[in-house]
Amino acid sequence: GAIAAFMDPEQCDDHSLYGARPPILAYFPFEAVDGHAKPVCQRSPNHVHYAGKALTYWALDSLYATDDPMVAANFVSERIGNYSDVVNHVAGYHVPMYPNDGGTVDTPLTQPMRDYWPQMIFDKYHFRVCFGHHAHVLKRTMPMTNNSVAEGGVLYVGDGKWGTTGALLPTLDSLVFGPPFVTSGIDYHVWHATAEDDGHFKVIAVDRFGKVVDSTDNYETGQWP
């Protein structure tokens, strides 16, 4: 039903979050045309944001609008050549590829993403960081390539629940600790990323009291430690 509603514009209601296709498109970063956001029902589930030589941000559909992970892969491959001068690519998507809040990293829901996205997008085009949302937990992985911990790989971090209270967080004892995760926690926090046009990149997580609860950078070698 959700997929049908997404595909059929007649079922979309611009003025109702419940009628949006799906509601997530009303909340998260979206493309602008002539400086203005498109109406909810006209927004694309995949789009790219250019911030000069230092950064592109790729907002990707984590199988909400389609069950085919190659849709996002093709979207990136068709456009990445337009940003050959950019030194840092990052991605953001709703359902995390590597969840740390369900007792196991290998959840069936995200298996199609793990099967295709690392080798077809993130590893292939040397993305720096990928931001997975939905679970609203503190998370940072070791550098990863093709679903395995690897030197020179991509960093995967978790959404921070917008830094404030809201729906209940999972309990600590329900989280996954240890490889591939460097950090797992339930702190309310936001991630702050600094991208530089020489390839340097830093991410820090700041909790609601202004305390840094996690951080890392690639300043020493150009790769994540």
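Computed from the coordinates by the stated procedures, all read-outs in this text should not be read as laboratory data. Just so it is clear, the structure is predicted and the values come from calculations on it, not from any experiment. Using ideal geometry, Cβ is built from the backbone for each residue, glycine included, and neighbour counts are taken over all protein chains shown.
Counting only residues that are under 27 Å from Lys202 (Cα atoms) and in contact with a helix residue (DSSP H, G or I) (Cβ under 9 Å, 6 or more places away or on another chain), give me the strands (runs of 3 or more DSSP E) lying completely in region 65-141 with at least 3 of them. Spell out how you get there, then give the answer.
Values: elements: 89-93, 129-132, 138-141.
Those strands (runs of 3 or more DSSP E) span 89-93.
Scanning region 108-148 for residues that are acidic (Asp, Glu) and buried (at least 18 other Cβ atoms within 10 Å of the Cβ) gives a single hit, Asp123.
Remark: pairs (first residue in region 93-109, closer than 14 Å to Val157 by Cβ; second residue of a type in the set (Lys, Arg) and assigned to a helix (DSSP H, G or I); Cβ separation under 6 Å; 6+ apart in sequence or on different chains) = Met97/Arg114. When region 107-131 is limited to residues that are under 24 Å from Asp85 (Cβ atoms) and among the aliphatic types (A, V, I, L, M), the one that is farthest from the chain's Cα centre (by Cα) turns out to be Met120.
If you go through region 196-213 and pick out every residue that is on the phi > 0 side of the Ramachandran plot and touching a Leu at 6+ places or on another chain (Cβ under 7 Å), you end up with 0.
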